[in-house]
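Let me begin by presenting the structure, written as structure tokens, before commenting on it.
Since every read-out is calculated from the coordinates, none of them should be taken as a lab result. Fair warning: this is a prediction, and the values are worked out from it, not measured in the lab. With ideal geometry, Cβ positions are generated from the backbone for all residues, glycine too; neighbour counts draw on all protein chains shown.
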Amino acid sequence: MSDQTLFRNIDVFEIDYVPEFFNYRESQLDDLAYQIRPALEGGRALNAICRGLPGTGKTTSVLRIFAELEQTTKKILPVYVNCQTDRTKYMVYSRIYATVHGHTPRREPGSRSNR
């Protein structure tokens, strides 16, 4: 059996894949950048809600903005939380904590995970 596949790049099916070229989303990227701009100037970023049908570029837009932030500034630490995989409050907080501190939080004896 050969290693050939029908797909040029099988990585496009990975959940965290961000395409090199992201066409027709300049408006959405500009809107997200506008929401973040106050934080770059020492203020508080505005809240943003990304809505749309599955596969329309919401996650990719956010990941693209986060990648640009990581490359251009140390003033903002973007944290990506996927609530489909991080399903409990503890998992969400753990993801944020791990991104900020570089390791997962240690659990206190007797603590419950689904609070």
Problem set entry | Cα convex hull of the chain - mean projected area over all directions, nm² | 11.3
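For a footprinting-style exposure proxy, rank Ser94, Ser61, Ser27 by other Cβ within 10 Å, fewest first. Mind dumping the intermediate values first?
Working: Ser94 17, Ser61 21, Ser27 9.
Going from sparsest to densest Cβ surroundings: Ser27, Ser94, Ser61.
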Problem set entry | Gain upon complete extension [Leu53, His103; 0.36 nm per residue less C-alpha separation] | 14.6 nm
Exercise. Can you give the alpha-carbon Rg of the range 10-76 over 2.2 N^0.38 Å, where N counts its residues?
Worked result: 1.17
Exercise. R0 = 25 Å: FRET efficiency of Lys89 with Tyr24, Cβ-based, nearest 0.05?
Worked result: 0.10
Exercise. For the modelled label position 7 Å from the Cα of Lys75 along Cα-to-Cβ, which residues of the range 16-30 have backbone nitrogen atoms closer than 19 Å?
Worked result: 30
